[in-house]
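Below is one structure; the comments refer to it alone.
Coordinate-derived values only; no laboratory data. No experiment lies behind these values; they were computed from the predicted model shown. All Cβ positions, even for glycine, are placed from backbone atoms using ideal geometry, and neighbour counts span all protein chains on display.
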Amino acid sequence: MINRRAFSLAAAALAGAVAFAAPAAAETDIKFTLDWKFEGPAAGFFLAMDKGYFKEAGLNVTIDTGNGSVEAIPRVATGAYQMGFGDINSLIKFLDTDPTQKIKAVMVVYERPPFSIIGRKSLGITDDPKSVEGHKLGAPPPDGAFAQWPAFVQAAGIDASKVTIESVGFPVREPMLAQGQVDGIFGFAFSSVLNLKAQGVAADDISMILMAEHGLDLYGNSILVNTDFAAANPDAVKGFLKALAKGFADAVADPEAGVAAVMARNEVLKKDIELERLKMANDLNIKTPYVVENGFGGLDMAKLTKSIEYLTVSMKLAGNVKADQIFDASFLPPKEERMLP
């Protein structure tokens with residue numbers, strides 16, 4: 001006769017062995033491209049990774065550096081990366097040129113873009129947009145801020161014929177301004193201002209003309225997705241955005257932890273500079289009055305439609321796309337899961 005207790009123990013052991021041997025649910029791989037280097041404002045991405053938010057969503061995420069907020073777009077459209085972080089205005093131009101491209105924006109990160117002209121007061125450029133007249137500005141061709149120059153000229157009443165534009169590379173942009181080879185530069189406020197300080201330029205000599213404060217009311221960098229990937233993996237995209245909302249909320253609540261997460265991946269950074277850079281991005285671009293009221297990640301379709309009108313000037317759009325072809329809000333988590341502290 002079989003001992004019932006022994007049988008029960010054996011059955012329990014067998015069940016445990018089977019459970020242990022069963023493969024875990026497969027994670028969905030997502031290759032993600034940033035717009036730029038690993039710097040302070042990227043803290044939300046890395047906190048989502050380090051705190052396990054992506055893993056909780058069943059995702060295996062890898063994050064790579066980028067080479068400008070414009071160049072992330074073709075990386076995602078071609079499927080080389082499933083998702084990425086790039087300029088929504090450049091995305092509009094990209095889709096206006098070819099509406100069949102496989103890419104959409106699904107979450108706004110910079111509700112106000114950091115597009116700026118950064119100058120030095122000692123070289124004649126102040127916080128007044130018209131102060132750039134009679135001066136030389138350094139502009140990297142792929143730069144998202146420089147892409148808006150024609151629309152900004154119109155919005156701010158600048159006489160562009162009185163401004164000299166010199167094409168410069170990203171690596172030499174701030175050094176050239178620090179050395180006085182140009183009087184101002186186009187760039188993201190939180191990048192160029194802090195980079196100038198690192199070059200030894202005194203804070204009280206740095207001027208910042210934020211385009212959003214002078215008539216150019218646009219959105220900025222957003223989360224992009226390859227539409228074929230999104231169609232095949234809608235839950236993965238939803239899980240990614242939910243994790244990211246938590247990561248950015250953490251970066252707002254505890255910038256020091258956010259910077260630590262970034263510096264773990266880029267040891268050449270200086271903590272005080274990256275902390276200031278992250279706080280600047282949080283204040284100017286991420287935790288805006290609209291986001292405080294409506295939650296992180298969404299947008300106002302009327303404003304996006306108006307943005308397309310601005311871009312018709314700056315980027316000479318052909319009129320091939322409308323707002324609903326640019327942004328898909330269906331993957332966003334509920335508003336209550338997107339509120340920032």
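Across the chain the C-alpha pair distances fall into 20 Å bins from zero in the proportions 30, 53, 12, 4, 1, 0 percent. For region 115-214, the share of DSSP beta bridges that are antiparallel, to the nearest 5, is 60%.
Taking 20 Å as the straight-line reach from the Cα of Lys238, the lysines in range (excluding those fewer than 8 positions away in the same chain) are Lys31, Lys51, Lys55, Lys102, Lys104, Lys246, Lys335.
The orientation-averaged shadow of the Cα convex hull for region 115-214, equal to a quarter of the hull surface, comes to 5.3 nm². Convex hull volume of the Cα atoms of region 23-112, normalised per residue: 110 Å³.
Derived scalar couplings between HN and Hα for region 114-129 equal x, 4, 8, 10, 10, x, 10, 4, 5, 9, x, 9, 10, 7, 8, x Hz in order, rounded to whole Hz, by the Karplus curve 6.51 cos²θ - 1.76 cosθ + 1.60 (θ = phi - 60°), x for Gly and Pro. Within a straight-line Cα-Cα reach of under 13 Å, Lys316 can be paired with the following aspartates and glutamates, leaving aside sequence neighbours fewer than 8 residues apart in one chain: Asp96. Secondary structure note: in the chain, about 60% of the DSSP beta bridges are antiparallel. Translational diffusion of region 231-341 was estimated from the Stokes-Einstein equation, with Rh taken as the Kirkwood radius over Cα pairs; at 37 °C and 0.692 mPa s the coefficient is 202 µm²/s. Taking the charge dipole of region 115-214 about its Cα centre, with +1 at Lys and Arg Cβ atoms and -1 at Asp and Glu Cβ atoms, the residue from Phe115, Val201, Val153 reaching farthest to the positive side is Val201.
Using the Karplus relation 6.51 cos²θ - 1.76 cosθ + 1.60 with θ = phi - 60°, the per-residue 3J(HN,Hα) values for region 47-59 come to 5, 4, 6, 5, 8, x, 5, 5, 4, 4, 8, x, 10 Hz, with x marking Gly and Pro. The mean sequence separation of alpha-carbon pairs under 8 Å and at least six residues apart, normalised by the residue count of region 204-282, gives a relative contact order of 17 percent.
Considering only Pro140, Pro113, Pro289, the Gaussian network model of the chain with Cα springs below 10 Å gives its largest mean-square fluctuation to Pro289. Annotation: aspartates and glutamates with alpha-carbon distance below 20 angstrom to Lys130 (same-chain offsets under eight excluded): Asp159, Glu166, Asp183, Asp204, Asp205, Glu213, Asp217.
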